[in-house]
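I have placed the structure first, in the form of C-alpha cells, so that the comments after it can refer back to it.
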Amino acid sequence: MREPVDLRRQRILAAVQARGATRVSDLATELAVSVVTLRRDVEELARAGKLRRGHGIARPILPEQDEGPDRRQEPGASRESASGPGPDGGPVAVVVPERHAYLYEMLHGARTAFEEAGVRIALHIAPAAPGAEQPLVERALADGARGLLIAPRWRSLATEEADYAWLARVDVPTVVMERRPRRGSALHAVDTVCTDHWYGVHLAVEHLTGLGHRRIVLAARNDSPTARAVRAAFAEIAAGHPGVDKWAVALSSPTAVPEPEAEHAERPLELPPLLEELGATGVLLHGDVDALMLVQSLRDAGVRVPEDCSAIAYDDVVAGLGSTPLTAVSPPKAEVGRSAAELLLRRLGRGAAAGPAYRAELLPTLKVRGSTRSAPYREPLSSTPTAQ
C-alpha cells in the first residue's frame with residue numbers, strides 16, 4: 001500500500017530537521033520513491049515555508065550549527081556576509097572574477113542592496129581560468145543558495161559561449177551583471193543588467209570632435225565583453241561620424257588579448273608612431289591602467305598630453321589618479337551592481353518565472369579632467385573617413 005503523501009512529507013521534514021542539509025536523492029532512496037516525486041514534495045514543503053530547497057538539497061529552516069572557528073575554507077569557497085539572515089535564511093550567491101577592480105566596484109553596489117534587504121550573500125571569487133565559474137556555482141547551489149548574481153570573466157567569445165548552456169539551466173533566480181549574452185543564445189532570456197558601452201564611446205568621440213580633434217585612435221583591450229563592445233562601438237561610430245577624418249584601432253598592451261602567449265595573438269602597435277603616421281591628436285584608451293601607462297609612453301616620446309594630444313580613458317577606476325588626471329568615460333559601476341541585486345531581490349520575492357526577463361542598460365557619464373583640450377591647428381584633410 002502506497003504511503004499517504006502527508007505522512008511521507010512529515011518523514012521528510014523529520015529527516016531534514018534531524019540531519020540538516022540532506023540530498024534529495026538520498027531521501028528518495030530511503031523513502032522508496034522516485035527522485036521526481038521526492039523533489040516535488042520538497043518544493044511543496046519549501047513553498048509552505050517548512051524547509052529550504054537548494055540545488056538537489058533539502059535544508060531545515062533553522063540555521064545549521066557553526067562548525068567552529070578552526071573551520072578551514074577551501075580555495076574558491078564562499079564567504080558569507082555578516083548582515084544577518086534573509087527571510088528564509090538562505091544566502092544569495094555572488095560570483096565575480098579575481099583581481100578585477102572594475103567589477104569589485106559593482107560588487108560593492110550589489111552588497112549594499114542585499115544588506116539593506118537583510119539578505120546574506122555568499123561571495124565566490126573565480127580564478128582566471130576558463131570555466132572556473134561553473135563549479136563555484138554548482139557548489140553554491142548545493143550549499144543552499146536561493147539566487148545567483150554573476151559576472152563571468154569571459155575573456156574570449158569561445159569561453160563566453162561555452163558558459164551559455166549550463167548558466168541557462170541554473171534552477172534559481174539568476175541575474176547576469178555587466179555582461180550582455182549574444183542575441184538568440186540560450187542566455188538571451190536570462191535577466192541582465194549592464195552598461196551601455198556604445199553610449200560611452202559616443203560620449204568620448206563627441207567630446208574629442210567637439211574640441212576639434214578629427215583624427216582619433218582607440219587603443220583598447222580585446223579580452224573581455226566590455227573590451228569587445230568598446231572596439232565594436234568605436235569602429236561603428238568613427239566610421240560614420242562627420243567630424244572624424246581618420247581613425248585607427250590598436251591593442252592597448254601585449255596582454256590585452258584573450259591568450260597573450262599565443263603565436264597568432266595580435267600585437268599592440270607603438271602608440272607614438274601610430275599617432276604620427278595618422279596625424280592623430282585624440283586618443284581613447286581602454287582601460288584605466290593601460291591608459292596611464294600609454295600616456296606615460298607618449299610623454300617619453302615627446303608627445304605632450306593634452307598640449308599635443310588629448311587622451312580619454314575608459315573605465316574610470318584609477319583614471320583620475322595620474323600626474324595629469326585623465327578625462328574618462330565612467331560606467332555607473334556601483335549602480336549596475338545595485339540594480340542587478342534589486343532585480344534579483346524582486347525575483348526572489350515573487351518567483352523566478354513571474355514577469356518577463358529584463359535586459360537593462362545603464363548609461364555611463366563623461367568626467368572631464370585635465371587630459372583633453374582643443375586640438376592643435378592642422379591643415380584640413382580632403383580625404384573621406386577611413387579606417388587604418
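Over segment 165-214, what is the relative contact order in percent, taking alpha-carbon pairs closer than 8 angstrom and at least six residues apart?
Worked out over segment 165-214, it gives 30 percent.
What number does segment 92-195 give for Rg over Rh if you use C-alpha atoms and the Kirkwood radius? Write out the running numbers ahead of the final one.
Values: Rg = 12.8 Å, Rh = 13.8 Å.
Result for segment 92-195 is an Rg/Rh of 0.93.
Show me, for segment 339-349, the HN-Hα J-couplings you get by feeding each phi into the Karplus relation (A = 6.51, B = -1.76, C = 1.60, θ = phi - 60°), rounded to Hz, glycine and proline as x.
Per residue, the Karplus-derived 3J(HN,Hα) values read 4, 5, 5, 5, 5, 5, 4, 5, 4, 5, x Hz.
State, to one decimal in nm², a quarter of the convex hull surface area for the C-alpha atoms of segment 150-272, i.e. the direction-averaged projected area. Please list the in-between numbers first.
Numbers: hull surface 35.6 nm².
It is 8.9 nm².
For Ala14 paired with Arg47, estimate the spin-label separation in nm (one decimal), with each label point 7 Å from Cα along the Cα-to-Cβ line.
Spacing of the two 7 Å Cα→Cβ label points: 2.5 nm.
Could you give the accessible area per residue of segment 203-254, probe 1.4 Å, as a whole number in Å²? It would help to have the intermediate numbers written out before the result.
Numbers: 1530 Å² over 52 residues.
Solvent-accessible surface per residue comes out at 29 Å².
With Cβ to Cβ distances under 12 Å as the rule, what net charge do the other residues near Leu298 carry (K, R +1; D, E -1)?
Details: positive: Arg299, Arg304; negative: Glu270, Glu276, Asp300, Glu307, Asp308.
Here the charged neighbours net out to -3.
Mind listing the phi-derived Karplus ³J(HN,Hα) values for segment 191-199, rounded to whole Hz, using 6.51, -1.76 and 1.60 with θ = phi - 60°, and x for any glycine or proline?
4, 9, 9, 8, 8, 7, 6, 4, 5
Using +1 on the beta carbon of Lys and Arg, -1 on that of Asp and Glu, and nothing else charged, what's the dipole of segment 301-356 about the Cα centre, debye to 20?
500
Between beta-carbons, use under 14 Å as the cut-off and find the net charge around Gly109, counting Lys and Arg +1, Asp and Glu -1. Can you show the working numbers first?
Numbers: positive: Arg111, Lys333, Arg338; negative: Glu105, Glu115, Glu116, Glu178, Glu335, Glu342.
Combined, the nearby Lys, Arg, Asp and Glu give -3.
Please compute the length gained on full extension between Thr324 and Thr37, using 0.36 nm multiplied by the number of residues separating them and subtracting their Cα-Cα distance.
Values: separation 287, 0.36 × 287 = 103.32 nm, distance 6.58 nm.
Answer, rounded to one decimal: 96.7 nm.
The values are calculated or read from the model by the stated rules, or taken from the named source; none is laboratory data. Bear in mind the structure is a predicted one, so any value in this text is a computation, not a measurement. Because the Cβ atoms are built from the backbone with ideal geometry, glycine has one as well, and the counts that use them run over all protein chains shown. SASA here: full protein model, heavy atoms, side chains in, ligands and nucleic acids out. Shrake-Rupley method; radii C 1.70, N 1.55, O 1.52, S 1.80 Å.
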